[in-house]
Every structure is written in structure tokens, then in C-alpha cells.
Amino acid sequence: MTPRELHEVKLAEKKALRQKMLAFRKGLTKEQHEAKSRAILARLYEEPRFQQARTIFAYASMPDEVQLYDLLAHALREGKRVGLPLITGKGLMEAVNLPSLAALVPGKFGILTVRKEEQSIIPADEVDFVVVPGAAFSPKGERLGLGGGYYDRYLMEKAPQAYRAALTFDGQVVASVPMEAHDAKVNLILTETRRIEPNT
């Protein structure tokens, strides 16, 4: 099989798994989302790597994702610098500083972002800890993203030093994830019932 054919096969596998996982996530009730999210965040707050991190890169979650609003508030209360994604081009993003929760406004696709006049970029080499979103993860640290490649590029090219944690629902942890050379793995997976630390 040629490299191109292999790439096409991987893309098809990724697409099928992504659709299955996103359907699972959407199938959870609002109450399940909230209860599971609370349990996952409680685990995160106990992690020494999180406690020690001075600069956290997280994201404003969509309704069907693990809910991270409390994480943003908690990190700011703890005196941490918090970054949120800012899309700067096709497949490219930076971490934009979140000065306070009051600076959040609805952005593209209704996702909360930092008000334009308050945006300032956090240098990627200063990011200690990244909360990495994804559709699926494996116990080996493999990650299936949402298809844009933003996190793969950011983590591999801009912030390779950052510790990578996935906060995800139990049902999104699968035996294996189709991976390619440019796909970034994670160092830690936390679900509502499990702590998985792959040997990455």
C-alpha cells in the first residue's frame, strides 16, 4: 500500500470513529454531562502536575464536552495564568490570555472566547499544562482530534514541553486510535472513573 493509500485508510478510520464517539457524547443527558464533568475535574485538581503548573492552556467547552467552566474559574482563583485557543490561520492557533471570566464573550460557533480588546498571546514556550480536547483516546495515550489539526501542530511544533492531559468521558476511551506521524499523544487521561497514565 502506498503512503497516500495508507493515509486515506487512516482518514476513513478516523472519520468513522469520530462520528461514533461524537454520537456517544451527544447521547448523554445534561445531568450526566454535569455529574461526570464534576467527577473528572475533582480528579484533575488532585494532580500534582496541575497543581504545580503556572500556565494552563484549556478551552471553553461545548455543551456535549466535559464542562470546563469551573476549571477556568478554579485556575484563576489559584493564581494561574489561563490560556484559551485563538485561531490564527488554517490549522494554526495560539493561546490567548484569559484575564478574568468577565472577559469571555461568544465567538465563532457560539464558543466562548476572550473579548478582542483584551486579547494578548501567551508565548507557547511558557505553557506548562495543556488540557487537550478530543473525540477518542486510548490507554496508550493515542488521541483522535476533531479533524482540524490545531492541537497536533501546536503541541508538536510550538509547545512540545507542555504536559498534556485529556479530560474525557469513560465511553470515549477505546482500545486503539488510528494514528499518523503528525498526531500528538497525551501524557494523562482522566475520566469520571479512571486515571490512565500512558508510557508516552
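Quick notes on this structure:
- If only residues of region 152-172 that are hydrophobic (A, V, I, L, M, F, W, C) and either touching a Lys or Arg at 6+ places or on another chain (Cβ under 7 Å) or surrounded by fewer than 19 Cβ atoms within 10 Å (Cβ to Cβ) (or both) are counted, the one that is nearest to residue 40 (Cα to Cα) is 169.
- Scanning region 18-48 for residues that are closer than 19 Å to residue 80 by Cα and either part of a helix (DSSP H, G or I) or small (Gly, Ala, Ser) (or both) turns up 41, 42, 43, 44, 45, 48.
- Residue among 47, 94, 65, 34 that alone is under 15 Å from residue 122 (Cβ atoms) and in contact (Cβ under 8 Å) with a residue 24 or more places away in the chain: 94
- Among the conditions (1) at pLDDT below 95; (2) under 18 Å from the mean Cα position of the chain (by Cα); (3) surrounded by fewer than 17 Cβ atoms within 10 Å (Cβ to Cβ); (4) of a type outside the set (S, T, N, Q), the only one that residue 14 does not satisfy is (3).
- When every residue of region 49-67 is checked against the conditions, at least one turns out to be in contact with a helix residue (DSSP H, G or I) (Cβ under 8 Å, 6 or more places away or on another chain) and part of a helix (DSSP H, G or I).
- A Cβ distance below 6 Å, combined with a sequence gap of six or more or placement on separate chains, defines the contacts here; from region 147-167, residues that are in contact (Cβ under 8 Å) with a residue 24 or more places away in the chain and aromatic (Phe, Trp, Tyr) reach residues that are part of a helix (DSSP H, G or I) and surrounded by fewer than 18 Cβ atoms within 10 Å (Cβ to Cβ) in the pairs 163/49.
- Residues in region 30-89 that are of a type outside the set (A, V, I, L, M, F, W, C) and in contact with a Ser or Thr (Cβ under 6 Å, 6 or more places away or on another chain) were compared, and the one that is nearest to residue 131 (Cα to Cα) is 67.
- Members of region 155-194 that are outside any loop (DSSP other than H, G, I, E, B) and out of contact with any helix residue (DSSP H, G or I) (no Cβ under 6 Å at 6 or more places or on another chain): 155, 156, 157, 164, 165, 166, 170, 173, 188, 189
The values are calculated or read from the model by the stated rules, or taken from the named source; none is laboratory data. This structure is a prediction, so every number in the text was calculated from the model and none was measured. Counting neighbours? That spans all protein chains shown, and the Cβs are built from the backbone with ideal geometry, glycine included.
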